[in-house]
Amino acid sequence: MKKKILFNGLGNRGWIGGLYYIKNIMFSCLQNENIMERFSLVLLIDPEHADIFDCFKENVNVDIRVYDGNNKIKLALYEMRLIWFGGVKYCYALELNKIGKLFKKKGIFWIPDFQHRTLPEFFGAEELAHKEKNDLAMTGSDNPMVLSSFDAARDLERFYPGHRCAVEVVHFVSYIEPEVCAITPELEQSVRDKFDLKRNYIYIPNQFWQHKNHIVMVEAIECLLKEGRLCDYDFVFTGNLKDYRNPEYIDKLRKIMESDTVCANIKLLGFVERTEQLAIMKNAQFIVQPSLCEGWGTVLEDAKVLDKVVLLSNIPVHQEQQNKKCVLFDPHDPKQLAETIARTAARASLPEHEAEYAGDIEQGIANMYREAREYSRALERVFL
């Protein structure tokens, strides 16, 4: 009888990016024959987020358990029965909260990045202390540790040189094939109508946390429009305009975005449903990802599947993650970014580059499967 790997989505339900990460790692597991010969996958998730994993509902190797409840004692008892009596060998991305500590011996830890150490100024003292306590507990354990990039592995050695955990770097792809296949011409038109996307546009698809570095983007837009360049373009942002840690930063962003110079060219769409978001990305001229810190950026992985051109902040993890359709820029220099945007937009307007900027989705999906199989070999070293 196969042993099981448990993916506990309840631990990430407050962070949608963590749930997409679980989905992507499960997809990579399913592409690996050696893993699937020995294991089946169990997902524990709540009703609100279960639809993220609908793509696995018909897969015989995946058992989706939807748990509806918030009582911690009942949840602990449920997980105890599931793990201790259900053949679970590993708990992937285990959190060392009160319930997680019950199953520590089965835990495989995952730390997305070490942002609280590289950019501590973006955190309050209490949150810094909490993150440091968690990371010390995980890195000081003998349990396996998964990191999403070699850049994060270097940070681990830099910040926790005495760590005891055995480290494996496991990249991931963005498994968005079902959503991409749902993007019909009719849906694309409805998205254009819904969000009034009549002109050519550049897409910036990040949450408005300070480390995502929207400020360099809005200052670059301001530079361009003050000089009368790209006035016929829109700049489309998705994600809620808030960062609970840095309200002053949001106020600074809003002041520029609402100024007379740029307001007519900026579209703030807020939170957008996933398939609509990907339709917006698909039809953008190109994407800009100005982040100062990523573990292994999902935005870039989405763009790879859609085979889009991406302007990418020149940070170590992006140097590691980039493909041939990426253009690097200094994330602290809005004038350089403005020039890069203008140059890229000019290239995109040329008929001979139309196919390059439209993207070859069929090739992007083929690459997604190929890379998932490649990345799953690192998961073999974790599980086998």
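State all residues of region 296-319 that are within 13 Å of the chain's Cα centre (by Cα) and not in a helix (DSSP H, G or I); if no residue qualifies, say none. Across region 296-319, the qualifying residues are Trp296, Gly297.
Scanning region 211-249 for residues that are in contact with an Asp or Glu (Cβ under 8 Å, 6 or more places away or on another chain) and open to solvent by less than 40 Å² (accessible area, probe 1.4 Å) gives Val216, Tyr249. When Leu119, Leu147, Leu128 are checked against the criterion of being within 18 Å of Ala378 (Cβ to Cβ) and under 22 Å from the mean Cα position of the chain (by Cα), a single residue qualifies: Leu147.
Of the residues making up region 108-124, those that are more than 15 Å from Glu168 (Cβ to Cβ) and among the hydrophobic types (A, V, I, L, M, F, W, C) are Phe114, Leu119, Phe122, Phe123.
Checking region 255-266 against the condition returns no match, with no residue being open to solvent by 20 Å² or more (accessible area, probe 1.4 Å) and within 22 Å of the chain's Cα centre (by Cα). Taking the criterion of being of a type in the set (Gly, Ala, Ser) and loosely packed, with under 15 Cβ neighbours inside 10 Å, the only residue of region 39-75 that qualifies is Gly69.
Any residue in region 137-161 that's within 14 Å of Glu294 (Cβ to Cβ): show its pairings with residues that are part of a helix (DSSP H, G or I) and of a type in the set (Gly, Ala, Ser) at Cβ separation under 7 Å, as long as the two are six or more apart or on different chains. Within 7 Å, the pairs are Leu147/Ala153.
Go through region 189-219 and give me each residue that's closer than 16 Å to Val310 by Cα and assigned to a helix (DSSP H, G or I). Selection gives Lys212, His214, Val216, Met217. For region 268-290, the condition holds for at least one residue, the condition being that it is under 30 Å from Ala125 (Cα atoms), open to solvent by less than 10 Å² (accessible area, probe 1.4 Å) and under 21 Å from the mean Cα position of the chain (by Cα). Would a scan of region 68-76 turn up a residue that is charged (D, E, K, R), closer than 16 Å to Lys3 by Cβ and in contact (Cβ under 8 Å) with a residue 24 or more places away in the chain? The answer is no; no qualifying residue exists. Restricting region 86-107 to residues that are in contact (Cβ under 8 Å) with a residue 60 or more places away in the chain and over 19 Å from Cys29 (Cβ atoms), the residue that is surrounded by the fewest Cβ atoms within 10 Å (Cβ to Cβ) is Asn97.
The lone criterion from (1) open to solvent by 60 Å² or more (accessible area, probe 1.4 Å); (2) touching a helix residue (DSSP H, G or I) at 6+ places or on another chain (Cβ under 9 Å) left unmet by Val310 is number (1). Whenever a residue of region 209-224 is within 27 Å of Asp113 (Cα to Cα), its partners that are open to solvent by 10 Å² or more (accessible area, probe 1.4 Å) and of a type in the set (Phe, Trp, Tyr), lying with C-beta atoms within less than 6 angstrom and at least six residues away or across chains, give the pairs Gln210/Phe122; Gln210/Tyr249; His211/Phe122.
Inside region 61-172, counting only helices (runs of 4 or more DSSP H) that do not spill past its ends, which hold 3 or more residues that are of a type in the set (Gly, Ala, Ser)?
Ranges flagged: 125-139.
Counting the residues of region 327-343 that are more than 17 Å from Cys293 (Cβ to Cβ), in contact with a strand residue (DSSP E or B) (Cβ under 6 Å, 6 or more places away or on another chain) and surrounded by fewer than 22 Cβ atoms within 10 Å (Cβ to Cβ) gives 3.
The values are calculated or read from the model by the stated rules, or taken from the named source; none is laboratory data. What you see is a predicted model, and the numbers here were worked out from it, not measured in a lab. Neighbour counts run over all protein chains shown; Cβ positions are idealised from the backbone, glycine included. Heads up: the accessible areas ignore ligands, DNA and RNA and are worked out on the full protein's heavy atoms, side chains in. Shrake-Rupley method; radii C 1.70, N 1.55, O 1.52, S 1.80 Å.
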